[in-house]
Amino acid sequence: MQVSKSGFPRLEVLQLSSLGNWKRLIIGKGGMSKLTHLQIFESVLDIEGLVELFHLQKVDFIDSHLYHPSWISSLPWCTQLALCRKEMALDACWGYKQQYKKII
């Protein structure tokens, strides 16, 4: 999937889950420029263009098999990185209950 340079200009929180065979996200320069929080649920995903997301403060991997993608090292301004598993206290992972409240 590709996000254009003007795509989602007011988006602040992005939650990705149940991606199936979708393995790549390309964010054009200026796309999702207000994004502050990224959550990836149970997925392995390669993301290009996060270097341009200057407002990004938090990235959560929730039960993503403790996958450490190479783009993590390109996020020096990212203040929090959470690797969460279902066995851990998931209340600490923002949005987890909202995402799965139908199941819990």
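Out of the stretch 9-35, which residues are in contact with a Lys or Arg (Cβ under 8 Å, 6 or more places away or on another chain) and of a type outside the set (G, A, S)?
Residues satisfying the conditions are P9, R10, L11, E12, K29, K34.
For the stretch 1-47, the set of residues classified as surrounded by 15 or more Cβ atoms within 10 Å (Cβ to Cβ) and in a strand (DSSP E or B) consists of V3, L14, Q15, L16, L25, I27, H37, L38, Q39, I40, F41, I47, listed by residue number.
Since every read-out is calculated from the coordinates, none of them should be taken as a lab result. Worth saying up front: this structure is predicted, and the values here are computed from it rather than measured. When we count neighbours, we look across all protein chains shown, and the Cβ atoms used for this are built from the backbone with ideal geometry, even at glycine.
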